[in-house]
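Before any comments, here is the structure.
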Amino acid sequence: MAATAAASIRERQTVALKRMLNFNVPHVKNSTGEPVWKVLIYDRFGQDIISPLLSVKELRDMGITLHLLLHSDRDPIPDVPAVYFVMPTEENIDRMCQDLRNQLYESYYLNFISAISRSKLEDIANAALAASAVTQVAKVFDQYLNFITLEDDMFVLCNQNKELVSYRAINRPDITDTEMETVMDTIVDSLFCFFVTLGAVPIIRCSRGTAAEMVAVKLDKKLRENLRDARNSLFTGDTLGAGQFSFQRPLLVLVDRNIDLATPLHHTWTYQALVHDVLDFHLNRVNLEESSGVENSPAGARPKRKNKKSYDLTPVDKFWQKHKGSPFPEVAESVQQELESYRAQEDEVKRLKSIMGLEGEDEGAISMLSDNTAKLTSAVSSLPELLEKKRLIDLHTNVATAVLEHIKARKLDVYFEYEEKIMSKTTLDKSLLDIISDPDAGTPEDKMRLFLIYYISAQQAPSEADLEQYKKALTDAGCNLNPLQYIKQWKAFAKMASAPASYGNTTAKPMGLLSRVMNTGSQFVMEGVKNLVLKQQNLPVTRILDNLMEMKSNPETDDYRYFDPKMLRGNDSSVPRNKNPFQEAIVFVVGGGNYIEYQNLVDYIKGKQGKHILYGCSELFNATQFIKQLSQLGQK
């Protein structure tokens, strides 16, 4: 029972959404008969929560004929029930009241993503009275679903107004106390929803003196108040029975982004993290620009318009599930193998078809025929499977090719390997200045990322003279130096607080160039790209989790605060009462996370029998977005 990590958070949020779409009655799979047809009205927040979990087809199976944004122009559909799924904001509620007055739908099922306040509920009630639509408001529910699940074991708080809770927002030097309160409340509200959906009350650990500590204090208080209010507690009865955690509670580790600023800037080598780093990938959808040929157009002709294509990389995609954590060269090889096995199957179907077309009363042909009918039947029945396979192969061929173009154009393999060496304090084979001044190596941003990692990881900051030299080289390469301004202040401040994070002491081993893997038949021309194999090494976030989950004593985490919302008196101690290692843990990064850390945690837990981790973050950014925030912080 413990082995199933409760149902994954993805499953639990999906079940909750389906129940909501079913008018808040549990959704039964095998019931015959048509579903009740209805419309779904959501705001952008609702859309972001639903889209990674339910496809349009699944919505249709649930009886959703139309799904519309709340603030779009909607025509009245008087004989249809409407399910609303929105945030309880002023403007949303005004618009809902307007819908009631205009009598747009037959009945209204109002679902709020996050809990609605008493006064706003009264506004709706008054509007319903005024519109004499009280009988039509069938149900009003707080869904506590204010977070976005991206993987079975990964979630992020929000996508719409993420600048509200971004790294920059939390670390602005001029932030007022009230603004900070708002940021923290927003984060806590989402984490609270997360635990309600998970059906478990965690034990909370966090570092001291950071934004993570503020979140911990508020979350502890909020969980505690909810548990005290026995009549309305969200953690009793059916939810807890369903939570497979009932006999062991999960550990929530709240980490502050500032403990490790190198990883979010790091160039990466695994498939999912690379897609996020170099392509436009968010909420599990990747958008590619396909350039159509320019070569044959006459001189001076306008280049053809680029086609935009978007692909969903979902848990249903077996190839993605299997390879999203693999090093890139391995992915290229696997796509190639898949393609070959697909071609073999396709040829088999073609061969059978041509045999079936045999003329003449030839004895041999007839005996072959009966034998082959069976074969053809099985081949035809596997056609949908084949087509699906073909679709996935095409998808990954396109995505991997796009990634490969970036790797080659920007020498990302060189960056990755060099940064790994810096982060693991290995001797460097070529000077940093050479890479920064090499016009062929990477974009100005790549160079800036490399230098910041060097600067963050250095035991001693470079001397002023050296720094000037680096700055000149960076400026010549076209870099914006603002991020460095901020990192300088940050480092001076962090130095007072603690020693720099260490990143283990292993590095990627090059396996010789890729020539032997990529034989002539492959579509991936990987010449000159290093085949780097990763060795598992724990990043700071993973190391902290390991200490706290396994109850290891370590100076890094010994003074972490300990909260147990179930204890009657909140005692502020860093002394855990429970001395047993945890089976389930949630790592949540306040200030933003990335796929590199997520992958590192996934790899770490693979070696632990029967244990599960979830990774969450206040926002998910790639290095480009992170550099932009650092740059804004450095301008002041």
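The values are calculated or read from the model by the stated rules, or taken from the named source; none is laboratory data. Keep in mind that this is a model prediction, so the values were computed, not measured. Every residue, glycine as well, gets a Cβ built from its backbone with ideal geometry; the counts of neighbours run over all protein chains shown. In case anyone asks, the SASA skips ligands and DNA or RNA and just uses the protein heavy atoms, side chains included. Shrake-Rupley method; radii C 1.70, N 1.55, O 1.52, S 1.80 Å.
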- request: Could you calculate the contour length gain from residue 139 to residue 117, that is, 0.36 nm times the residue separation minus the distance between their Cα atoms, to one decimal place in nm?
  value: 6.3 nm
message: Residue by residue through segment 459-472, what is 3J(HN,Hα) from phi via Karplus (6.51 cos²θ - 1.76 cosθ + 1.60, θ = phi - 60°)? Round to whole Hz and write x for glycine and proline.
response: 5, 10, 5, x, 5, 3, 4, 4, 4, 4, 4, 4, 4, 5
field: Cα→Cβ-extended label distance, 7 Å offset, between residue 552 and residue 80, nm
entry: 5.7
- prompt: Given the protein chains as shown and a 1.4 Å probe, how many square angstrom of residue 425 are accessible, to the nearest 10?
  reply: 100
statement: Rounded to whole angstrom, the alpha-carbon centroid of segment 62-125 lies from that of segment 422-444 at a distance of 55
field: Long-range HN-HN contacts of residue 150 with modeled amide H, under 5 Å
entry: 155, 156
query: Per-residue accessible area for residue 197 at 1.4 Å probe radius, Å² rounded to 10?
result: 20
- prompt: Put 89, 557 in order of accessible area, largest first, 1.4 Å probe: what do you get?
  reply: 89, 557
- request: Rounded, prolate or oblate: pick one for segment 22-180, where a ≥ b ≥ c are the square roots of the eigenvalues of its C-alpha gyration tensor, a/c under 1.5 means rounded, and failing that, prolate if a/b is larger than b/c, else oblate.
  value: oblate
- prompt: Given 0.36 nm per residue, what is the gain on full extension from residue 394 to residue 493 after removing their alpha carbon distance, in nm?
  reply: 30.7 nm
- request: Would you pull out the residues with amide H under 5 Å of residue 51's amide H, same chain only if 5 or more places away, H placed 1.01 Å from N?
  value: none
query: Among 430/491; 324/389; 447/608; 38/222; 411/606; 421/628, which pairs are too far apart, with a Cα-Cα distance over 28 Å?
result: 447/608; 38/222; 411/606
- prompt: Accessible surface of residue 603 in the full protein assembly, 1.4 angstrom probe, to the nearest 10 Å²?
  reply: 50
- prompt: What FRET efficiency would be calculated for the residue pair residue 130, residue 443, taking the C-beta separation as r and a Förster radius of 51 Å, to the nearest 0.05?
  reply: 0.30
query: Using only Cα atoms, what is the ratio of the radius of gyration of segment 155-221 to 2.2 N^0.38 Å?
result: 1.13
- request: Go through segment 268-285 residue by residue and turn each phi into a ³J(HN,Hα) via Karplus (6.51, -1.76, 1.60, θ = phi - 60°); whole Hz please, and just put x for glycine and proline.
  value: 10, 9, 9, 4, 4, 5, 5, 4, 5, 6, 9, 10, 8, 10, 8, 6, 6, 10
- prompt: Based on Cα positions only, what radius of gyration and what Dmax would you give for segment 14-111, in angstroms?
  reply: 13.1, 40
